[in-house]
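These notes are about the structure you will find just below.
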Amino acid sequence: MKVPVSITINGRVCEHEVEPRTLLVHFIRDLAGLTGTKVGCDTSQCGSCTVLIDGVSAKSCTTLAAQADGAGITTIEGLGDGEQLHPLQESFWNKHGLQCGFCTPGMILASHELLRTNASPSEAEIRHGLEGNLCRCTGYENIVRAVRDAAGAMAQE
Amino acid sequence: MSSRIFGSGIRRREDPRLITGSATYTHDIVLPGMVHAVMLRSSHAHARITRIDTEQAKAAPGVLAVYTGADIEGALQPMPCAWLLPDSDLKIAAYPCIASDVVRYTGDIVAVVVAEQPSQGYDALDLIEVDYEPLPSVTDPEAAAADGAPQLHADIEGNQAFHWTVAGGDADAAFAEAEASGVVIKERILQQRLIPNAMEPRGAVAQYSRATGELTLWNTTQNPHILRFLCSVVTGIPEDKLRVIAPEVGGGFGSKIAAYPADFVTVFCSKQLGRPVKWIETRSENYQATTHGRDHVQDVELAATKDGKITGLRCTVHAGMGAYLSTAAPGIPTILHGLMLSGCYTIPALKEDVYGVYTNGVPVEAYRGAGRPEATFMLERLIDMLAGELGMDPADVRRRNFIPKFDDGHKVITTLNYDSGDYPGALDKLLEHTGYAGLRAQQAAGPVNGKYLGLGLSSYVEICGLGPSQVAGAIGFQGGLWESAIVRFHPTGKVHVFIGASPHGQGEETTFAQIVASEIGVSSDDVKIFHGDTDATPMGWGTYGSRTTAVGGAALAVAVRKIRDKAKVLAAHLLEASVDDMEYEDGKFFVKGSPDKAKTIQDIALMANVAWDLPEGMEAGLEASTFYDPPNFVFPYGAHLAVVEVDTATGDVELKGYTALDDCGPQINPTIVEGQVHGGVVQGIGQALWEGAAYDDSGQLVTGSMLDYALPRADRLPPIDVISTVTRSPHHPLGVKGIGEAGTIASTAAVYNAVMDALKPLGVKRVDMPFTPERVWRAIQDAKGA
C-alpha cells in the first residue's frame with residue numbers, strides 16, 4: 001500500500017506515492033533528487049540529515065515522509081537565495097568550519113535553528129546547541145567560531 | 001600578492017560546493033538502470049556455516065539476485081594483504097570476499113542481495129536462512145595468543161599472524177644496571193580498540209560494461225590507484241579496463257585505505273547482472289565491518305638513573321589484528337610503531353617484541369596516527385611515571401632526555417634518521433605560552449570543592465610523508481611511496497594540475513593551488529587541481545600517513561620548477577637574450593637590469609601553446625610531469641599540554657584547557673593547519689576520555705551504533721589553543737612536513753597524563769582508557785581502600 005505525499009521542498013512542490021515507512025530523508029534524496037542532505041547514521045545521532053520543517057530543524061532520518069505531508073521543507077540547497085549565500089554558509093566558509101563537508105549541511109541547518117531560537121548565543125550555548133550534530137574532522141572549534149561569526153553578521157542585517 | 005600566497009590562510013576553494021549541498025559523494029551517484037546491493041553479515045563471531053537457503057529471498061519483491069560464497073568461487077580471489085612484513089614469520093590467513101564455510105567475526109559477509117530498491121534488499125535479507133554451528137571465539141589479543149585459545153584459522157598455530165622485533169643497544173644490560181643502582185618503571189597499557197567514524201559511511205558504485213569489459217568503480221577511498229590495482233587482482237579485470245573514481249570523500253582517518261570485500265562483491269554483482277550496482281553501508285554496518293584502530297596490550301618498562309636519565313626501554317605488545325589481515329595492517333603496529341619508540345629522546349638501548357594476533361573482531365588497520373600514537377603514549381606515560389617516582393617535574397625529566405636541537409639529520413637507536421627538530425625549544429615555548437609554572441602553583445594550592453587539577457604534557461615526534469620507495473620495498477610494503485603531479489598551462493595562462501594523491505577533506509585543492517601560485521606567480525584562482533580519478537590523473541599512492549603535502553606537494557613544486565625552467569628559456573628567446581642573463585621574479589621573466597621589459601608567465605604560456613616562435617628544438621606546449629620519490633621521511637614534532645579537573649565525588653573528568661604546539665615546517669595555509677590540529681587533537685582526546693569499541697564474551701560488538709560508542713561532542717570540549725614553531729625539513733623542496741595526524745599522536749597521552757596527575761594525590765596508580773566517570777570513581781574508591 002502506498003500513500004500520496006505532497007511536500008514543498010525549497011519552494012517546489014514534490015508529489016509522490018510512497019510506502020508509509022519511507023523516511024523523509026529518502027524522499028528528499030531519492031525522490032526529490034536533492035542529495036545535499038546526508039545520511040551518516042541509523043540511530044538519529046549524527047545530525048547529517050538535519051533539515052528545516054516549516055522553519056524548524058528536524059532530523060529527516062527520524063521523520064516519515066508521510067508525517068511531513070503538506071509541510072514546507074528547507075534543505076541546504078534552498079538555504080541561500082541562489083545568488084547569495086546565507087550568512088551561515090558564508091561564515092562556515094570564512095572560518096574554515098568544515099573539512100570533508102559531509103556533516104556540513106546538517107551542521108549549518110542545526111546552527112540555523114540555534115540562531116533562530118537564540119540570536120546571540122554564548123560559546124557554551126553554541127556548543128550545547130550543536131551537541132546533536134557530530135563532526136569528526138574539525139573538533140568543532142571552527143564550527144563554533146563560524147556560528148558566532150554568523151550571529152554577528154545576522155544581527156547587523 | 002602571489003609571492004606571499006605561500007603562508008596565507010586563504011579560504012578553501014573546496015567549500016562552495018560543500019556548503020551548498022552540490023558536492024557529489026559516492027552515495028549521491030545515480031546511474032540509469034542502477035540497482036542496489038545489501039550485504040548479509042554474520043551474526044556470530046565464530047561459527048561454521050552448515051546450510052544457507054536463499055530461495056525465499058530470491059523470490060522476494062524487487063530482488064534480482066542473491067549470491068553466496070559458492071557463487072563467487074573462482075570469480076573473486078581472496079582479499080590480498082599488501083604489507084608483507086619481513087623477518088616476522090608472517091602468516092596470512094585466507095580472507096574470502098564472502099565466507100562459505102566458517103565466519104570469523106560478526107561482520108563477515110555471508111551473502112549479498114541485489115534488488116531494485118535498497119529497502120527491498122533489506123527486506124530480503126531477513127528471508128535468507130543460515131544455519132550456524134557456533135564455535136568458541138576470542139576478541140582480546142592477549143587471550144587469543146594464550147595456550148588453549150580458540151583457533152581462528154586451522155593452519156595458523158596460536159593465532160599468531162606475525163612476531164616482529166626491533167632492538168638497539170643492550171637493553172637487558174641497561175635494565176640489570178637500573179635494577180641494581182637506578183630505577184625501573186613498569187606499566188601495562190591498554191590501547192583500546194577504536195572505531196574511526198568518518199562521517200561518510202563507506203560505499204561503492206560499480207558499473208561494468210559487458211560490451212567493452214570495462215569497469216568504472218566509484219568508491220569512498222583514500223587511494224583510488226591502489227584500489228584499482230587491488231581490484232584487478234581480486235576481480236581479474238585487467239588494469240587497463242578499470243577506472244576507479246574517488247568522488248567527494250567524507251573523511252577517512254585510515255578507514256578508507258583498505259580494499260574491502262564488499263567493494264569487490266559489488267563489482268561481482270554488476271558483472272553478473274550487467275547493470276550498475278550501488279552498495280552503501282549503514283552506520284551499524286560501518287561499525288561491524290569497516291576497519292578499527294589501535295587494540296594493543298602493551299607491557300612496557302623503562303630503565304633510568306636516579307637523576308632521571310633514561311637508559312633503556314623494553315616492551316612486549318600484543319596487537320589485535322582482527323579476523324583477517326587488512327590491506328596495510330601488518331605494518332601499523334610494527335614499522336609505524338616500533339621504529340618511533342625512542343620518540344624525542346636519547347635512549348641508548350631498547351627492545352620491543354610485537355605479536356600480531358588474529359582475534360574474532362573487525363580487522364584492525366591504520367587509524368589516524370596509525371602506530372605512532374601507541375608509541376608516543378607508551379613513552380610519554382612512562383616518563384610521567386618516572387617523574388613521579390623521582391619527585392621531579394615531568395617537564396624536567398623530558399628536558400633531561402631530549403635529543404638536542406638539530407637541523408640536518410639525527411640518527412636514533414631504531415636506525416631512523418630524523419630530519420630536523422628542536423624538541424627542548426618546543427617544550428619551553430609551550431610552557432611559557434601556557435603559564436605552566438602558574439598552573440603548577442594553582443594545583444599546589446589544593447583541590448577546590450573536591451575538584452583536583454591535573455596537568456598533562458606530551459612531547460612527540462612522528463614519522464610521516466611516507467616514502468622513499470626503496471625503504472617501502474625493504475619493509476615489505478607492496479607498492480611504491482612516491483607521488484606525482486602533472487602541471488599544464490593553457491594558452492590563457494590558466495593552469496590545470498593533476499595529482500595522484502587523493503585528498504578527502506584536507507584541503508589540498510587550495511594548498512596545492514597556493515604552491516603553484518607561489519612558485520610561478522599566477523593567481524591561485526587560476527589553478528585548478530584534479531584528483532581522485534585513475535583515468536584522469538597520474539599514478540599515485542594515496543592520501544594517508546600525512547604524506548599528501550609532504551610528498552605530493554614536493555612533486556608539484558618540482559613540476560612547477562620544470563615549467564619555470566622551460567619558460568625562462570623561451571623568455572630569453574623572445575627577448576633575444578642569453579638564458580644566463582635572465583631573471584625571474586613573481587611571474588615575470590626579464591633580462592637582468594631590465595624588469596620593465598618582462599615577459600609574464602601568461603605571455604610565455606600563450607607563445608608555448610601557439611608555438612609560432614620557439615627556440616630551436618623546443619617542443620610546443622607548457623606542461624611538466626614529475627614523479628617525486630622523497631629521499632627520507634619527514635618528522636614533524638611538538639609539545640602539547642592538557643589541563644583537566646577531576647571531580648572526586650562523581651569521577652567526572654572535565655577538560656579545562658588544551659594547548660597544542662606543533663612544528664610541521666613552513667605552513668602553506670595556516671588556517672588549514674590549525675583546522676587539522678583541532679580535529680586531530682579532538683580525536684585523541686576522544687580516545688582518552690570517551691571512545692572504546694567493546695565486544696562481549698560471545699564476540700558481539702556491544703558498541704554497535706553511535707548510541708553506544710561515545711564520540712566527542714561540541715559541548716564536552718574547551719577551545720583548543722593552537723600555536724607553532726617552524727623548522728624546515730632539510731630535504732624537502734618546500735621545507736614542509738605533515739600535519740594531518742600530529743594532533744592525534746600527541747593528545748591522548750597529554751590528556752591521560754593530566755588525569756593521572758590530578759589523581760596522584762589520591763593514590764591512584766593506573767586506570768584504563770577511556771576515563772569514564774565510573775572507572776575514575778572506582779579507581780578513587782579502590783585507592784582509598786588500599
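The values are calculated or read from the model by the stated rules, or taken from the named source; none is laboratory data. Keep in mind the model is a prediction, meaning the values are calculated, not measured. Methodologically, a virtual Cβ is constructed for each residue, glycine included, from the backbone with ideal geometry; neighbour enumeration extends over all protein chains shown. The protein model used for the area step is the full one, side chains on, heavy atoms only, and it has no ligands, DNA or RNA in it. Shrake-Rupley method; radii C 1.70, N 1.55, O 1.52, S 1.80 Å.
What the table shows:
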quantity: Förster-model FRET efficiency, 30 Å R0, B:E116 and A:T8, C-beta, rounded to 0.05; calculated: 0.60
quantity: Size of the A/B contact, given as accessible area buried on both chains, probe 1.4 Å, in Å²; calculated: 4200 Å²
quantity: Whole-number accessible area per residue in Å² for the range A:3-78, which is evaluated in the context of all protein chains at 1.4 Å; calculated: 38 Å²
quantity: Proximal lysines relative to B:K562, as straight alpha-carbon distance under 18 Å, when same-chain residues fewer than 8 apart are discounted; calculated: B:K494, B:K588, B:K599
quantity: Apportionment of accessible area to carbon and sulfur, the range A:3-78, percent (1.4 Å); calculated: 51 percent
quantity: For chain B: accessible area per residue (Å², 1.4 Å); calculated: 33 Å²
quantity: Positions from the range B:687-706 whose accessible area shrinks by 20 Å² or more when the full protein complex is built, not the chain alone, probe 1.4 Å; calculated: B:M706
quantity: Listing of the range A:82-106 residues, each with accessible area lower by at least 40 Å² in the full protein assembly than in the chain alone (probe 1.4 Å); calculated: A:W93, A:H96, A:L98, A:Q99, A:C100, A:F102
quantity: Gyration tensor (alpha-carbon) shape descriptor, the protein assembly as shown, a/c threshold 1.5; calculated: rounded
quantity: Bridge type composition, the range B:228-364 - antiparallel percent by DSSP, nearest 5; calculated: 45 percent
quantity: Cα gyration tensor, chain B - rounded (a/c under 1.5), prolate or oblate; calculated: oblate
quantity: Size of the range A:87-156 as Cα extents on the principal axes (Å, biggest first); calculated: 30, 22, 17
quantity: Net charge, A:D149 excluded, C-beta distance under 10 Å - Lys, Arg +1, Asp, Glu -1; calculated: +2
quantity: Per-residue ³J(HN,Hα) for the range B:210-222, Karplus 6.51 cos²θ - 1.76 cosθ + 1.60, θ = phi - 60°, Hz, x for Gly and Pro; calculated: 5, 5, 10, x, 9, 10, 10, 10, 8, 8, 7, 10, 8
quantity: Net charge contributed by nearby residues that have their C-beta within less than 10 Å of A:M1 (K/R +1, D/E -1); calculated: -1
quantity: Pairwise FRET efficiency - B:M539 versus A:T43, Cβ, R0 = 51 Å, nearest 0.05; calculated: 0.80
quantity: Rough spin-label spacing in nm, given labels placed 7 Å along Cα→Cβ, for B:A154 and B:S625; calculated: 4.9 nm
quantity: Amide H partners (placed H, <5 Å) of B:A93, local residues excluded; calculated: B:L325
quantity: Delta accessible area of at least 20 Å² on complex formation, residues of the range B:1-48, 1.4 Å probe, chain isolated as reference; calculated: B:R11, B:R12, B:D15, B:P16, B:L18, B:I19, B:T20, B:G21, B:Y25, B:H27, B:D28
quantity: Accessible surface of chain B [probe 1.4 Å, protein heavy atoms]: carbon and sulfur percent; calculated: 50 percent
quantity: For the range B:224-260 and the range A:111-157, distance of Cα centres in Å; calculated: 37 Å
quantity: Karplus-derived HN-Hα couplings along the range B:69-76 (A = 6.51, B = -1.76, C = 1.60, θ = phi - 60°), whole Hz, x at Gly and Pro; calculated: x, 5, 6, 8, 3, x, 8, 10
quantity: Helix runs (DSSP H) in chain B reaching 20 Å along axis by Cα, Kyte-Doolittle at least 0.0; calculated: B:372-390, B:553-574, B:670-689, B:742-759
quantity: Whole-Hz couplings from phi, Karplus 6.51/-1.76/1.60, listed for the range B:30-36; x for Gly and Pro; calculated: 10, 10, x, x, 5, 10, 10
quantity: Normalised contact order of chain B, rounded percent, pairs of Cα under 8 Å and 6 or more residues apart; calculated: 15 percent
quantity: Förster radius 35 Å - calculated FRET efficiency between A:E19 and B:S22, Cβ distance, rounded to 0.05; calculated: 0.75
quantity: Å² per residue, accessible surface of the range A:87-156 at 1.4 Å; calculated: 31 Å²
quantity: Of B:K309/B:K765; B:K451/B:K784; B:K306/B:K405; A:K38/B:K271, pairs whose Cα-Cα distance is over 18 Å; calculated: B:K309/B:K765; B:K306/B:K405; A:K38/B:K271
quantity: Percent RCO, i.e. relative contact order, over the range B:157-245, from Cα pairs under 8 Å lying at least 6 residues apart; calculated: 19 percent
quantity: Shape of the range B:240-337, Cα gyration tensor, a/c cut at 1.5; calculated: prolate
